[in-house]
Amino acid sequence: MKLVIERREISSALLRFSAPIASIGVALFVAGFLLLASGVSPLEAYKEIIIESLGSIYGLSETLVKTTPLIFAGLGVSLAFRMQIWNIGAEGQIYVGAMGASWVALFSGIQTHWIMLTAMFFAAFLCGGTWAGVAGFLRARWKVNEVIVTLLMNYIAILWVDYLIYGPWKDPKGFNFPLTAQFSDTARLAEYFNTRMHSGFFLALFCALVLYLFIERTVWGYEIKVIGSNQRAAKYAGMNTGMAIFFVLFLSGAIAGIAGFSEVAGLQHRLQHGISPGYGYTAIIIAWLAKRSAIGVVIVSFLMGVLLVGGDSLQLLWQLPVAFVYAFQGLILFFLLASDFFIIYRLKFVKGGAHV
Amino acid sequence: MFEILLDATVRAGTPILFATLGAIINERAGIINLGIEGLMLIGALAGFSGTYLSGSLFVGVIAAFCATFIAGSIHALITVQLRGNQIVSGLALTMFGVGVTALFGKSMVGLTIVGFKRVAIPGLSQLPFIGKAFFNQDLLIYFSFFLVFMIWFFLYRTRWGLGVRSVGENPAAADTCGFSVSKYRFLAVTVGSGFVGIGGAYLSLASTPMWIENMSAGRGWIAVALVIFAGWSSPRAMLGAYLFGGITAMQLRFQAMGTTISAHILQMLPYFFTILVLVISTHRLQKGASQQPEGLGLPYDREDRK
């Protein structure tokens, strides 16, 4: 008997659909051992995650609060994925988006509610877009690796926001805490049901719809898809790939930047340290799990929202560090990549000698 | 003043040097490893725990190597055996590293150990200007000098090194010549990861002898960028790592002198310079002959061979 790897002639739709679910399952199982090793019963922890995030109206609202920035960032990253471009910088783009929105809220002096929110929205959009656009320009012009540039710019963005809130933008009445003054009511999104849930969630859903239509129903979307699947063919067809790379990274960052707007206008009502606890990194998993589909991004963002709210409660109950969620997310990705292999190949026992 | 600055440069550059060398071995065999940041953290924690529990720095360094060797084998299994996406697998490794070290490092926070001490090399440490900075250092730094030479020697003067380079340049041709692509790639990823782990251990055993959550602070990513600057060569990696050590040392010096420039702005400098250097070296790479391994980032499947 000998074990050989064989390519499947057709990869079944059932397998493709069930593989991501199976990988989350296996990741949960393996993460259970990590929990056991730190002295927490995995079953109780998982029960706690579900109860805290879905078991009550408040829990559900908190899950949607976390889902909101994840949808924006996930959409941004997955748009770039479409073109085989890696935007690992959603985290930084959220920060500069939040910075742009906060600048308008604090210093523009606009008095009308909807003008204020629109201006904040576009400031975040432009800031996030410009931030990613730098990487887009470098990639399009000189083929500089966008993975490294977008990632390093995360560190710069976070330090820049820190500089502002520890320095020039610090609230003079804030008892020296590193945060800006609170926004006035004109710069706040609507909140619902006496919870922290805000209209940013619906904006995120709307954004997913617009992006879906953009990709599936416009010429630009078509070009992005062509360039993503075969850059050389796209060039022969007369498409300007350099321009498209810049444009897609700009848009990708701009959408992630909206998450920053939604966080400061809907939730925090000021710019402060740690405005995003890693949403931009979670967005990479969301985009990969969603396999390029905008609806997929919404669904997976919700799942990750559940995980983040659950992770917070694990921290409160058992003092598990929040970063534990990253270990879990890493495991999901590992098993997802492994499952991709079994979609394309199968293992087969063959009797006797060599197969090839 | 110059001597102090050069000394600080070498000390700040060493963890990045180990990480860059490890990444070079990975990429020479054709595998992109974006898990460097996570591996450094795993190495830092394993090194610290190993030393804390055994009382021996040597055990700590071995523990760091072994832990990252094992963590690296996850990346190797996924990218080499299962032909998975190298970028996603590397990012997953970084996330996994950040999470797992936060989880298991919790009990190590606040503990202290006696870190590596300086050992002066007689004669050489008396050299003017460079003597103190290069030859009055700790053993790990001397090991890094040795490693720079060994990796060069290994890659260009041994049959195994030829195997690593050829599976990275043209895996199909290497396969035809009888080099096992999967074996060479697997070992390059795992051993390379082990060296990255020693870089992490340098942080927790020599730079600041303690464990701090997320203590690598982006050094792993700087190392990934430096591989391109170094043109996949170990002696040039040394130059690159010390360049960044120098920027870090200067930034710390500025802060210590009580400048009015915000510390946050100064802390941006290493990241900013990394991007700048990356742009320049990528630009240069395209003008001249490219040193980038031809097969970098591409999974190899014998059935696809043309």
Check: Considering B:M215, B:M210, which residue is at pLDDT 90 or above, within 14 Å of another protein chain (Cβ to nearest Cβ), part of a loop (DSSP other than H, G, I, E, B) and out of contact with any Pro (no Cβ under 8 Å at 6 or more places or on another chain)?
Finding: B:M215
Checklist line | Sole residue being touching a helix residue (DSSP H, G or I) at 6+ places or on another chain (Cβ under 6 Å), polar (S, T, N, Q) and more than 20 Å from A:T150 (Cβ to Cβ), chosen from B:S281, B:S262 | finding: B:S262
Next item on the list: Specify which of the listed residues (A:D162, A:D171) is among the charged types (D, E, K, R), within 17 Å of A:Q272 (Cα to Cα) and not in a helix (DSSP H, G or I).
Entry: A:D171
Next item on the list: Look through the stretch A:277-300, keep the residues that are under 14 Å from A:Q93 (Cβ atoms) and at pLDDT 90 or above, and return whichever of them is surrounded by the fewest Cβ atoms within 10 Å (Cβ to Cβ).
Entry: A:Y281
Next item on the list: For residues that are under 18 Å from B:T282 (Cα atoms) and in contact (Cβ under 8 Å) with a residue 60 or more places away in the chain, scanning just the stretch B:239-261, find the one that is farthest from the chain's Cα centre (by Cα).
Entry: B:L243
Margin query: Can you name every one of the helices (runs of 4 or more DSSP H) wholly within the stretch B:1-115 that holds 3 or more residues which are more than 12 Å from every other protein chain (Cβ to nearest Cβ) and modelled with pLDDT of 95 or more?
Written below: B:2-28, B:36-54, B:57-76
Margin query: Among the residues in the stretch A:217-232, are any modelled with pLDDT of 85 or more, assigned to a helix (DSSP H, G or I), over 22 Å from the mean Cα position of the chain (by Cα) and closer than 27 Å to A:L106 by Cα?
Written below: no
Margin query: Looking at (1) in contact with a helix residue (DSSP H, G or I) (Cβ under 9 Å, 6 or more places away or on another chain); (2) under 28 Å from B:M268 (Cα atoms), which one does B:C177 not meet, given that it meets all the others?
Written below: (2)
Notebook entry, point to check: Within the bounds of the stretch B:247-259, is there any residue that is more than 20 Å from B:G38 (Cα to Cα) and modelled with pLDDT of 90 or more?
Noted result: yes
Next item on the list: Run A:R16 past the list (1) in contact with a Lys or Arg (Cβ under 9 Å, 6 or more places away or on another chain); (2) part of a helix (DSSP H, G or I); (3) buried (at least 18 other Cβ atoms within 10 Å of the Cβ) and report the number of the one that doesn't hold.
Entry: (3)
Item checked: Any pair with Cβ under 8 angstrom, 6 or more apart, that starts in the stretch A:303-329 at a residue that is more than 13 Å from every other protein chain (Cβ to nearest Cβ) and ends at one that is among the aliphatic types (A, V, I, L, M) and not in a helix (DSSP H, G or I) -> A:D312/A:V322
Check: Is the stretch B:142-157 home to any residue that is in contact with a helix residue (DSSP H, G or I) (Cβ under 9 Å, 6 or more places away or on another chain) and part of a loop (DSSP other than H, G, I, E, B)?
Finding: no
Item checked: Subset of the stretch A:1-51 [of a type outside the set (A, V, I, L, M, F, W, C) and within 18 Å of B:G97 (Cα to Cα)] -> A:G32, A:S38
Check: Quick one: is A:F177 more than 14 Å from every other protein chain (Cβ to nearest Cβ), under 22 Å from A:W103 (Cβ atoms) and not in a helix (DSSP H, G or I)?
Finding: yes
Margin query: Given the criteria in contact with a Pro (Cβ under 9 Å, 6 or more places away or on another chain), of a type outside the set (D, E, K, R) and closer than 30 Å to A:M116 by Cα, does A:G274 qualify?
Written below: no
Next item on the list: Select from the stretch A:96-149 the residues that are over 20 Å from B:L276 (Cα atoms) and outside any helix (DSSP H, G or I) and list them in ascending order.
Entry: A:S108, A:G109, A:I110, A:Q111, A:T112
Notebook entry, point to check: Do you know which of the residues in the stretch A:142-166 that are facing chain B (nearest Cβ under 9 Å) and of a type in the set (D, E, K, R) is farthest from B:I261 (Cα to Cα)?
Noted result: A:K143
Check: Has the stretch B:226-238 got at least one residue that is within 14 Å of another protein chain (Cβ to nearest Cβ), closer than 18 Å to B:G43 by Cβ and part of a helix (DSSP H, G or I)?
Finding: yes
Next item on the list: List every residue pair whose Cβ atoms sit under 8 Å apart, with the two residues 6 or more apart in sequence or on different chains, where the first one lies in the stretch A:170-197 and is on the phi > 0 side of the Ramachandran plot and the second, anywhere, is at pLDDT 85 or above and in a loop (DSSP other than H, G, I, E, B).
Entry: A:N176/A:K170
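The values are calculated or read from the model by the stated rules, or taken from the named source; none is laboratory data. Values in this document were obtained by computation on a predicted structure and should not be read as measured data. Cβ coordinates were reconstructed from backbone atoms using ideal geometry, including for glycine residues, and neighbour counts include every protein chain displayed.
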